[in-house]
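Please read the structure below before turning to the comments.
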Amino acid sequence: MTGVSSLVGADERAEVRRVWRDLGLPGLVDVHTHFMPDNVLSKVWAYFDALGDGVWPITYRFDQDERLDVLRGFGVRYFTALSYPHRPDMARWLNSWAASFTEGNPDCLRSATFYPEPDAKDYVAEAIDSGTRVFKAHLQVGAYDPRDPLLTDVWGTLADAGTPVVVHCGSGPMPGDFTGPGPFSEVLRAHPRLTAVVAHAGAPEYTAFLDLVERYERVHLDTTMAFTPYIERMSPFPRAELPRLRDLGHRVLLGTDFPNIPYAYLEQIRALVDLDLGSAWLRGVLHDNAVGLFGL
């Protein structure tokens, strides 16, 4: 295995570590990272490659052990293995792979996913019972309606268990038939105790998703790609909402999309620092809020 020092610049690694050390933290908790079977990840990378030269380069295109080495080298104490199906009869297999991955990597929060299909309520309950800590739902890639009756019991089971689910429900970077705040807000209306983490801070519908965080006490945001120069060019976060983002900081969690990001990991950390919302806010986002949510 190639050493981490050969994969990322020493300056990047040192600067990421300097940020959390200066805040008095023991490291980072990243709730939105992707580890999945190689054949699935290669298709994800092929999708981004097909966007064209330089549109979305995969910065950390390394093998699995090397990616783990890089992430830990940044000082990430806990992370996730988020995956998502795009068709039926896929979620069980992804969940089985993720369970095995976590057995070998105990710093990964055991992750799982689901799809609207008749046995979804059963395998979600089984995953929770066997120790799953976090689920992923991707409404754009999965192209499904979160209000599908086949998911009613799934959302209910997750709400009852208090198990967080990271939901890509915003319309960025490309809208889907069921993205945007409307469909998922109806799920929350039906399941107000659902512990949801809105991926990408709900980009580009930031304001509407902040409204949902205010309305439902178990709804959170993750920072994945938000506030970075890459996203700010396309979907700038409204500066007028920064006070509200600060006030709701206890429900904002670090997410990055590692390894599938078109820039250095450091850019996400710098973007959060540059918001200048205070050291207490930053400590919570980078570490403490996730520690509390997941009982780490």
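The values are calculated or read from the model by the stated rules, or taken from the named source; none is laboratory data. Not measured: the values here are computed from a predicted model. As a convention, Cβ positions derive from the backbone with ideal geometry for all residues, glycine included, and neighbour counts pool all protein chains shown. The area values use the complete protein model at the heavy-atom level, side chains included, leaving out ligands, DNA and RNA. Shrake-Rupley method; radii C 1.70, N 1.55, O 1.52, S 1.80 Å.
Odds and ends about this structure:
- In segment 263-274, residue nearest to the chain's Cα centre (by Cα) [restricted to those that are free of Cβ contacts under 8 Å to residues at least 60 places away in the same chain and crowded, with 18+ Cβ neighbours inside 10 Å]: 268
- Filter pass, residue 38 being charged (D, E, K, R), touching a helix residue (DSSP H, G or I) at 6+ places or on another chain (Cβ under 8 Å) and farther than 26 Å from residue 296 by Cβ: yes
- Breaking point among (1) crowded, with 18+ Cβ neighbours inside 10 Å; (2) within 14 Å of residue 261 (Cβ to Cβ), for residue 44: (1)
- Of 17, 13, all but one fail to be among the charged types (D, E, K, R), part of a helix (DSSP H, G or I) and buried (at least 19 other Cβ atoms within 10 Å of the Cβ); the exception is 13.
- Residues satisfying the stated conditions in segment 240-249, i.e. part of a helix (DSSP H, G or I) and surrounded by 15 or more Cβ atoms within 10 Å (Cβ to Cβ): 244, 245, 246, 249
- Odd one out for residue 133 among (1) more than 22 Å from residue 268 (Cα to Cα); (2) among the charged types (D, E, K, R); (3) more than 15 Å from the chain's Cα centre (by Cα): (3)
- Residue list for segment 86-96, filter: open to solvent by less than 10 Å² (accessible area, probe 1.4 Å) and under 18 Å from residue 257 (Cβ atoms): 94
- Criterion: of a type in the set (A, V, I, L, M), open to solvent by less than 20 Å² (accessible area, probe 1.4 Å) and at pLDDT 95 or above - qualifying residue of 99, 125, 143: 99
- Subset of segment 102-111 [in contact with a strand residue (DSSP E or B) (Cβ under 8 Å, 6 or more places away or on another chain) and either open to solvent by 60 Å² or more (accessible area, probe 1.4 Å) or not charged (D, E, K, R) (or both)]: 102, 108, 109, 111
- Yes/no for residue 35 being crowded, with 18+ Cβ neighbours inside 10 Å and more than 23 Å from residue 137 (Cα to Cα): no
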